[in-house]
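Asker: Below is a structure I'd like to ask you about.
Nothing in this text is a laboratory measurement; each read-out follows from the coordinates by a stated rule. Small disclaimer: the values here were computed from a predicted structure and weren't measured. Cβ sites come from the backbone with ideal geometry, for glycine too, and all protein chains shown count toward neighbours.
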Amino acid sequence: MNAMTELKFVFGDPRVCSGCMTCSNTCSMHYYKVVSPERARNRVVRIEPALDFPLFCRNCEDAPCMAACPEQAISRTSKGVVIVNNKKCTGHGDCVKACPYYAIRIHPDTGKAFKCIQCGQCVERCPADAIWMTTEKELAKTDKDGTIMALYDEHKDELYAKEGW
């Protein structure tokens with residue numbers, strides 16, 4: 001089994017998430033000392049009438065954001081987490097275009113790429129326990145009947161659209 005299979009990432013259940021934004025507000029406060037969802041390293045997308053999808057970087061095994069960066073500012077830690085080197089990043093945005101989950105964005109203040117780095121602050125503070133750290137293998141066990149992943153697949157066009165963000 002390769003190391004990427006066991007990589008933990010943050011994942012959320014839209015059937016449980018209430019859209020309260022605690023995850024996004026915790027994230028922006030932790031990293032930037034401001035409550036601001038647009039400065040959070042995750043996103044929460046509401047699909048009417050009643051589904052809220054908490055979205056995070058999945059640290060893709062092939063990591064298209066890494067390959068797309070002309071500055072080679074995106075790399076992987078020894079634990080497999082995809083990270084952005086802000087000293088190298090020029091905010092070109094090719095990584096944003098390459099990410100299939102729109103999990104990497106350009107920060108509104110710094111003009112540099114930023115993304116979830118799996119710190120777990122949001123997981124600790126989610127009042128509904130709608131988000132958790134998992135692996136692909138654990139997620140398959142948790143979602144035995146495929147209901148959660150089917151919801152993500154059903155709404156992928158709305159969830160991962162890059163317009164308006």
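Asker: Please compute the modelled spin-label separation between Ala161 and Glu6, points set 7 Å along Cα→Cβ, answer in nm with one decimal.
Answerer: 4.1 nm
Asker: Under the 0.36 nm per residue contour assumption, what length would be gained going from the current alpha-carbon distance of Glu71 and His92 to full extension?
Answerer: Numbers: separation 21, 0.36 × 21 = 7.56 nm, distance 0.86 nm.
Difference between extended and current length: 6.7 nm.
Asker: Further question: Pull up the cross-link candidates among the lysines for Lys8, meaning alpha carbon to alpha carbon under 23 Å and not fewer than 8 places away within one chain.
Answerer: Lys79, Lys115, Lys137, Lys141, Lys144, Lys156
Asker: Specify the residue with the greatest mean-square fluctuation among Lys79, Lys115, Lys87, computed from a Gaussian network of the chain linking alpha-carbon atoms under 10 Å apart.
Answerer: Lys87
Asker: Want the number for Ala140 to Cys119: 0.36 nm per residue separation, take away the alpha-carbon distance, what's left?
Answerer: Values: separation 21, 0.36 × 21 = 7.56 nm, distance 2.21 nm.
My answer for the length gained is 5.3 nm.
Asker: Using the Kirkwood formula on the Cα atoms of the chain, what hydrodynamic radius do you get, in angstrom to one decimal?
Answerer: By the Kirkwood definition, the hydrodynamic radius is 16.2 Å.
Asker: Hey, could you pull the Cα Rg and Dmax for the range 1-76, both in Å?
Answerer: Values for the range 1-76 (Cα only, Rg and Dmax): 14.9, 41 Å.
Asker: For an R0 of 41 angstrom, estimate the FRET efficiency from the Cβ-Cβ distance between Asp109 and Ala150 and round to the nearest 0.05. Present the calculation step by step, with values, prior to reporting the outcome.
Answerer: Details: r = 37 Å, r/R0 = 0.90.
For R0 = 41 Å, the calculated efficiency reads 0.65.
Asker: How big is D for the range 57-109, in µm² s⁻¹ as a whole number, if Stokes-Einstein is applied with the Kirkwood radius of its Cα pairs at 4 °C and 1.567 mPa s?
Answerer: On the way: Rh = 11.1 Å.
Taking Rh from Cα pairs, D becomes 117 µm²/s.
Asker: While we're here: Do you know the relative contact order of the chain, to the nearest whole percent, from alpha carbon pairs under 8 angstrom that are 6+ apart?
Answerer: Values: 292 pairs, mean separation 47.5, N = 165.
Worked out over the chain, it gives 29 percent.
Asker: About the Cα centre of the range 3-159, how large is the charge dipole given +1 on each Lys and Arg Cβ and -1 on each Asp and Glu Cβ? Please answer in debye to the nearest 20. List each step's numbers first, then the result.
Answerer: Values: 21 positive and 20 negative charges, 146 e Å.
I would put it at about 700 debye.
Asker: Then there's this: Which Cys in the chain stand alone, with every other cysteine's Cβ at 4.7 Å or more from theirs?
Answerer: When partners are defined as cysteine Cβ atoms under 4.7 Å apart, the chain leaves Cys17, Cys20, Cys27, Cys60, Cys69, Cys89, Cys99, Cys119, Cys126 without one.
Asker: With springs connecting C-alpha atoms under 10 Å apart, model the chain as a Gaussian network and identify which of Pro37, Pro108, Pro54 has the largest mean-square fluctuation.
Answerer: Comparing Pro37, Pro108, Pro54 in a Gaussian network model of the chain, the most mobile one is Pro108.
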